[in-house]
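A single structure is presented below for examination.
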Amino acid sequence: MSAPRRSDAGFTLVELLISSALVSVVIIVVGGVLVSSMRADETVRTVTTSTTDGQLVANVIDSGMRNSTAVAVSTAADGVSSFAIARVAGTSGAECIAWFYDAEVDTIFRRASPSAITAPEPGSVGADWIPLSGGIVPDTDGAGTEYPVFAAEGARGLALRYAVETGSGPTSLFITTITGRAPSTNVSPQCFP
């Protein structure tokens with residue numbers, strides 16, 4: 001009698017190695033695409049957040065400047081931090097609204113008062129100032145010279161020029177000019193000490 005025959009129903013070692021290599025290549029390609037899409041998603045989220053923060057700051061300043069009758073801008077002793085104040089005509093009378101860019105903490109703050117507001121010292125903004133957004137830095141030209149965050153545009157205009165840093169992603173740049181629309185008047189309070 002002869003020995004029983006082996007069945008040829010299985011895979012050879014070579015076939016298993018080739019199929020494992022092909023599956024590995026597919027997994028590496030799919031994994032690379034997945035990692036790339038996750039990085040792109042993170043970049044989009046970061047840019048969206050910084051753009052939203054920058055637009056929030058511009059909108060808050062725009063709404064404060066909308067009824068302004070006068071504006072003044074000054075630079076702090078550090079040469080980078082800047083202070084802008086506007087006299088605003090409102091339904092309940094005039095008030096002073098001020099914004100302060102503090103370069104030590106990269107934040108723009110806002111404050112409103114029925115009387116004059118003085119600029120705080122950089123790094124020591126009081127609790128009566130409301131932070132609008134952090135990560136704010138001055139825009140720079142090609143030589144690295146910083147533009148002021150606030151600049152006066154005539155008697156009633158305020159120019160804004162700043163970037164919002166995201167840490168790991170690209171920065172979002174904001175450049176705009178806001179002009180007061182209220183009739184020019186010398187109503188009290190006197191906002192400019």
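Want the number for S74 to Q190: 0.36 nm per residue separation, take away the alpha-carbon distance, what's left?
Details: separation 116, 0.36 × 116 = 41.76 nm, distance 1.65 nm.
Gain on stretching S74 to Q190: 40.1 nm.
Hey, can you rank 103-116, 140-153 by average C-beta count inside 10 Å, highest first?
Going by the mean number of other Cβ atoms within 10 Å, highest first, we get 103-116, 140-153.
What whole-number value in cubic angstrom gives the convex hull volume per residue for the C-alpha atoms of region 87-193?
Spelled out: Cα convex hull of region 87-193, divided by residues, is 128 Å³.
So if we plug the beta-carbon distance of R181 and S124 into 1/(1 + (r/R0)^6) with R0 = 30 Å, what FRET efficiency do we get, rounded to 0.05?
For R181 and S124, the calculated efficiency is 0.30.
In Å², and per residue, what accessible area does region 7-57 have when probed at 1.4 Å with the other protein chains present?
So region 7-57 comes to 80 Å² accessible per residue, rounded to a whole number.
Please report, in cubic angstrom per residue, the volume enclosed by the convex hull of the alpha-carbon atoms of the chain.
In the chain, the Cα hull volume divided by residue count equals 203 Å³.
With every protein chain left in place, what is the accessible area per residue of region 83-193 in square angstrom, probe 1.4 Å? Write out the running numbers ahead of the final one.
On the way: 5380 Å² over 111 residues.
Heavy-atom accessible area per residue stands at 49 Å².
Express the relative contact order of the chain as a whole percentage, based on alpha carbon pairs under 8 Å and six or more residues apart in sequence.
22
Separation between the V26 and R39 pseudo-spin-labels, each 7 Å from Cα along Cα→Cβ, expressed in nm?
Label at V26, label at R39, 2.5 nm between them.
A follow-up question, please. Ignoring everything except DSSP H segments at least 4 long, calculate the 222 nm mean residue ellipticity for the chain; use -39,500 (n - 2.57) per segment, divide by total residues, nearest 500. Display every interim value, and only then the final one.
Values: 1 runs with 53 residues, N = 193.
The per-residue figure over the chain is -10500 deg cm²/dmol.
Sticking with this one: Please find the FRET efficiency linking T51 to S115, where r is the Cβ-Cβ separation and R0 is fixed at 45 Å, and quote it to the nearest 0.05.
It comes out at approximately 0.80.
Right, here's the next one. In nm, give the distance between the simple-model label positions of D106 and E146, each being 7 Å from the Cα along the Cα-to-Cβ direction.
Roughly 1.2 nm, to one decimal.
I'd like the carbon and sulfur percentage of the solvent accessible area for region 1-158, probe radius 1.4 Å, heavy atoms only, ligands and nucleic acids excluded.
About 60 percent, which is the carbon plus sulfur part of the accessible surface.
The values are calculated or read from the model by the stated rules, or taken from the named source; none is laboratory data. Model, not experiment: these values are computed from the prediction. We place every Cβ from the backbone using ideal geometry, glycine too, and count neighbours over all the protein chains shown. For the accessible areas, the whole protein counts, side chains as well, though only heavy atoms, and no ligand, DNA or RNA atoms are used. Shrake-Rupley method; radii C 1.70, N 1.55, O 1.52, S 1.80 Å.
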